[in-house]
Amino acid sequence: MSANDCARRGSIFLEPALVLEHEARAGAQYLLRLRAPRCAASATPGSFIHLGCGPGVPMRRPLSILRADSAAGHIEVLYKVVGHGLATLARHRPGEVLSCLGPIGRGFAPWPTHRRALLIGGGVGIPPLVFLAESLVAQTATGWQPLLLAGSEIPFPFATRPASIPVVGMPDDAVHALPMLEERSVPNRLASRAGLPGCHGGHVTELAAHWLATLSPTDRAEVAVYACGPPPMLRAAAALARQHGLPCQVSLEERMACGVGGCAGCAVPVATPEGPAMQRVCVDGPVFDATAVFN
């Protein structure tokens, strides 16, 4: 075990997490709020928890952190029920206790030289970008300008409504937004190929490409891209950033067993200055520079 591994694991906490709220949302999605003070105090956008789902499910499940409130000591995660483990998790009610391991992983590291942050999220990849967007606008003295574009092929788990914050360069069909973000001064727009009202009728990366094409060269040079979602969406986001010469970070999704770097079951090929290497998504990521994982 390397010294770096020891340092990372020293910031991961195992604690009993009290279920505060557990709400079913559209599309078999659930919003779970947990009291986990140690995790909440150390969580950063892009980090995740490895959560015990309950009796009969020996393997924990990795869930991205949607929000962390260090003062209140709670975190929120959003997940979609897929398989027996998450179906078991969905049955837990407020007042019950789950085993929480976290926060885990290297999160997003915004480039201070690129204040226009273009956040592209797909499906259950949206939560860490909500966390990132809200953390950027909270830094009022730094002048961040985040724009979050979210795509889903099932109903969004959050309420949508006609946007109240204008965004220049949006196509005519992208008129709805997430009020939960607008209430925190984060402009956002939505995309879906499922005919959801007020959403751009295409891939979320197409919506991003449309917006980038409307910027002046000077404004576009200030953009950095941050993406989380399914692999095809990440590859498209990386290609879009490369097309415009923009820096890009991507958060990878991978099956995880231990979640703390011990089993190396989540290792992926990554380009490094020393040459190709296998790195673990759980602790070396989940966020990587796009050029390192998508050539």
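Since every read-out is calculated from the coordinates, none of them should be taken as a lab result. If you're wondering where the values come from, they're calculated on a predicted model, not measured in any experiment. Counting neighbours? That spans all protein chains shown, and the Cβs are built from the backbone with ideal geometry, glycine included.
Express the relative contact order of the stretch 220-278 as a whole percentage, based on alpha carbon pairs under 8 Å and six or more residues apart in sequence.
Relative contact order, the stretch 220-278: 27 percent.
Per residue of the stretch 111-121, what does 6.51 cos²θ - 1.76 cosθ + 1.60 with θ = phi - 60° give for ³J(HN,Hα)? Whole Hz please, x for Gly and Pro, Karplus curve as stated.
Once rounded to whole Hz, the list reads 7, x, 7, 10, 6, 8, 9, 9, 9, 10, x.
Please compute the length gained on full extension between E21 and D173, using 0.36 nm multiplied by the number of residues separating them and subtracting their Cα-Cα distance.
51.3 nm
Summing Lys, Arg as +1 and Asp, Glu as -1, what charge do residues with Cβ under 10 Å from the Cβ of C199 carry, C199 excluded?
+1
Given Cα pairs under 8 Å that are at least 6 residues apart, what percent is the relative contact order of the stretch 116-293?
19
So if the hydrodynamic radius of the stretch 3-104 is defined as the Kirkwood radius over C-alpha pairs, what does Stokes-Einstein give as its diffusion coefficient at 20 °C and 1.002 mPa s, in µm² per second?
For the chosen part, D equals 158 µm²/s.
What's the whole-number percent of alpha carbon pairs in the stretch 31-157 lying beyond 25 angstrom?
28
Would you mind calculating the relative contact order of the stretch 3-104 from Cα pairs under 8 angstrom and at least 6 residues apart, reporting the percent as a whole number?
This gives 38 percent for the stretch 3-104.
Using the basic label-point model (7 angstrom from Cα toward the beta carbon), what is the V81 to S42 distance in nanometres?
It works out to 3.3 nm between the two label points.
Compute the label zone of W111 within the stretch 194-222: residues whose backbone N is under 11 Å from the point 7 Å along Cα-to-Cβ.
Output list for this probe position: 221-222.
To the nearest 0.05, how large is the calculated FRET efficiency for E254 and T214 if R₀ is 25 Å and r is the Cβ-Cβ distance?
In this case the efficiency is close to 0.15.
Taking every pair of alpha-carbon atoms in the stretch 116-293, give the share separated by more than 27 Å as a whole percent.
Within the stretch 116-293, distances greater than 27 Å cover 27 percent of Cα pairs.
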